[in-house]
Ligand code: AGP
């Protein structure tokens with residue numbers, strides 16, 4: 001979790017006010033990654049104290065550290081209050097300056113200023129660090145550092161990092177020679193275990209930043225200007241990282257959302273890379289853990305040449321536009337996101353004539369997938385639910401048995417994964433720790449690993465053998481909505497691509513491909529239920545609990561609908577397999593508990609009708625989702641409330657059916673007065689186990 005961000009301006013004059021606002025804005029873009037506390041560090045206008053007994057470079061300034069519990073706006077308020085009190089000059093201009101920033105999702109220690117980042121080496125803030133991830137050996141490191149006289153102030157695992165950096169710096173300095181900033185960081189990395197992306201700032205290295213990563217994501221953004229002026233024309237064609245004196249702005253960020261409004265030229269930093277920003281240059285060193293262990297001394301890093309890539313996203317994607325909330329925007333943009341997901345992948349020969357499916361990232365692996373002994377879908381939360389929705393169709397078309405694994409459970413059980421398996425990993429963010437660990441596990445067991453993700457360049461995208469990007473566009477609301485529907489569509493296309501195109505399945509395949517073409521229209525149609533769902537939310541807003549029953553293709557819809565309601569509306573809600581109703585849940589039924597039954601037309605329709613009757617017989621308070629025109633069939637004589645949705649092929653019906661439930665969850669949240677986009681205790685990507 002957590003978001004880290006840094007800004008370095010080089011030969012570009014920027015006022016302190018501008019730098020502060022840029023850091024705050026970076027944090028706002030990353031806030032969805034964690035939002036219980038935040039902090040920043042910038043330079044002050046005082047030089048480091050001589051009391052520290054250190055030789056700081058002549059141009060070094062004392063770093064200022066601001067940390068606050070709560071959301072970014074609370075940090076912003078507290079920073080400006082402090083600035084007022086201390087009369088810090090906001091108009092002071094810097095031609096070179098480094099600032100770092102952090103937004104937190106607490107793992108070690110509750111949200112509080114002292115547990116917020118930047119974490120410090122101690123008095124004088126000789127080393128400051130912002131961290132996304134977890135240091136697993138922090139207890140041992142802390143004990144060692146305490147023995148060397150370090151005093152800890154926070155409960156975080158992160159605090160060992162700046163203290164270790166100071167320890168290393170002091171030691172190397174005493175041994176003669178002044179280490180470079182990247183040497184210090186490389187030595188720190190050698191001792192750290194766990195997953196992390198880190199950015200270091202230090203008055204020992206004024207106007208330099210060092211960043212490194214292992215496991216957690218980190219991007220570098222570059223904006224280089226043609227003229228030596230304050231914000232001249234930016235170069236849009238820089239391809240390689242070469243050292244120039246051109247004015248430039250450099251950004252480091254956990255994800256692209258905080259970069260896109262500044263630059264599209266980015267570098268996805270790889271694991272074990274150390275990026276050193278200094279004097280207008282960007283050097284990248286590769287940490288070689290084997291080499292470091294073998295020599296037992298200072299790591300000998302190799303320098304790495306990297307080309308920049310161009311971000312394929314637009315600023316509009318990260319803005320709310322005319323919507324009140326990101327979740328609302330993302331629900332309503334599903335006709336477009338689904339279109340983008342399918343774009344270039346559905347091949348039609350002519351009207352009504354279907355040619356097939358083109359999945360570039362999979363084409364060399366389709367034979368292997370067809371021959372697998374088993375397809376195993378692996379994911380967490382909504383991504384797991386999407387795979388569950390696609391499972392019946394993948395089984396039907398591929399003929400390969402499909403099993404389902406929640407990533408954490410697979411790891412807990414060390415469940416069997418074989419060389420003959422195809423393991424399909426589904427993750428919106430591509431950085432979910434459980435999913436990535438399950439990927440490592442499946443790889444070690446020799447399975448073919450396929451990734452399905454929304455995030456280009458994510459760990460999942462990079463570490464799987466092959467895969468498909470869902471191309472749903474940036475999803476910022478913590479509750480996943482448009483990614484879910486795009487994931488189902490991608491897995492449907494996967495089934496079509498893997499499945500044989502025998503005569504017997506031809507008409508089924510063609511009907512589905514036709515439906516895929518028309519799906520955005522059907523989604524537009526179902527979105528018209530918005531007001532109806534708002535009315536329903538008004539009716540349900542004071543309830544304590546809500547059950548959802550589904551089966552077949554729509555068991556996943558029940559799970560996902562309930563997940564949405566509990567996640568954002570903070571209302572207890574359970575999705576259940578309707579076939580299991582009689583085996584326990586029926587005991588809960590009375591005339592007060594609201595129950596949503598999903599009973600659209602498919603092979604399970606008649607079974608769902610008897611479920612409805614059994615619930616009626618116990619005076620259940622029913623809301624039935626049914627196919628357009630079926631209200632009087634499922635709720636004869638107005639015996640319950642019906643939600644009518646447009647009909648599509650059974651395997652695509654979950655895409656349609658989830659939308660009223662997403663709308664219901666959204667309206668319930670607004671009516672109950674909770675935070676829609678940043679639900680209590682959650683964060684967008686779960687990068688810790
Ligand atoms: C979705 O609404 C949830 N926030 C959550 O269940 C999420 O789907 C889960 O954490 C998995 O995330 P991923 O898709 O990024 O791997």
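The values are calculated or read from the model by the stated rules, or taken from the named source; none is laboratory data. What you are looking at is a predicted structure, and each value in this text was computed from that prediction instead of being measured. So basically every Cβ, Gly included, is an ideal-geometry build from the backbone, and we count neighbours across all protein chains shown.
Checked against the criterion of being closer than 30 Å to residue 397 by Cβ, within 16 Å of the ligand (Cβ to nearest atom) and either assigned to a helix (DSSP H, G or I) or within 30 Å of the chain's Cα centre (by Cα) (or both), the candidates 654, 660 yield just one match: 654. Scanning region 425-455 for residues that are in a loop (DSSP other than H, G, I, E, B) and more than 12 Å from the chain's Cα centre (by Cα), we see that the one that is surrounded by the fewest Cβ atoms within 10 Å (Cβ to Cβ) is 446. Taking residue 411 and the conditions (1) part of a helix (DSSP H, G or I); (2) more than 22 Å from the chain's Cα centre (by Cα); (3) surrounded by fewer than 23 Cβ atoms within 10 Å (Cβ to Cβ), which numbered condition does it fall short on, given that it satisfies the others? If we test residue 411 against (1) part of a helix (DSSP H, G or I); (2) more than 22 Å from the chain's Cα centre (by Cα); (3) surrounded by fewer than 23 Cβ atoms within 10 Å (Cβ to Cβ), just (2) comes out false.
Screening residue 689 on (1) within 16 Å of the ligand (Cβ to nearest atom); (2) outside any loop (DSSP other than H, G, I, E, B) shows it passes everything except condition (2).
Being surrounded by fewer than 22 Cβ atoms within 10 Å (Cβ to Cβ), closer than 30 Å to residue 29 by Cβ and away from the ligand (no atom under 16 Å from the Cβ) is a property that residue 641 lacks. Considering region 350-382, and only residues there that are part of a loop (DSSP other than H, G, I, E, B) and away from the ligand (no atom under 16 Å from the Cβ), the residue that is modelled with the lowest pLDDT turns out to be 352. Restricting region 437-458 to residues that are near the ligand (Cβ under 9 Å from one of its atoms) and at pLDDT 95 or above leaves a set whose member that is nearest to residue 482 (Cα to Cα) is 454. When you scan region 327-337, do you find a residue that is under 29 Å from residue 670 (Cα atoms), assigned to a loop (DSSP other than H, G, I, E, B) and either in contact with a strand residue (DSSP E or B) (Cβ under 6 Å, 6 or more places away or on another chain) or at pLDDT 95 or above (or both), even just one? Taking every residue of region 327-337 in turn, at least one turns out to be under 29 Å from residue 670 (Cα atoms), assigned to a loop (DSSP other than H, G, I, E, B) and either in contact with a strand residue (DSSP E or B) (Cβ under 6 Å, 6 or more places away or on another chain) or at pLDDT 95 or above (or both). Does residue 567 meet the test of being in a helix (DSSP H, G or I), within 16 Å of the ligand (Cβ to nearest atom), within 23 Å of residue 609 (Cα to Cα) and out of contact with any strand residue (DSSP E or B) (no Cβ under 6 Å at 6 or more places or on another chain)? No: the conditions fail for residue 567. Restricting region 668-686 to residues that are modelled with pLDDT of 95 or more and surrounded by 24 or more Cβ atoms within 10 Å (Cβ to Cβ) leaves a set whose member that is farthest from the ligand (Cβ to nearest atom) is 668.
For region 406-423, the candidate set comprises residues that are more than 12 Å from the ligand (Cβ to nearest atom) and touching a helix residue (DSSP H, G or I) at 6+ places or on another chain (Cβ under 7 Å); within that set, the residue that is farthest from residue 475 (Cα to Cα) is 417. Filtering region 42-68 to residues that are more than 23 Å from residue 94 (Cα to Cα) and surrounded by 12 or more Cβ atoms within 10 Å (Cβ to Cβ) leaves 52, 54, 68. Residues in region 49-73 that are touching a strand residue (DSSP E or B) at 6+ places or on another chain (Cβ under 7 Å) and either modelled with pLDDT under 90 or closer than 19 Å to residue 17 by Cβ (or both): 61, 63, 64, 65, 66, 68, 72.
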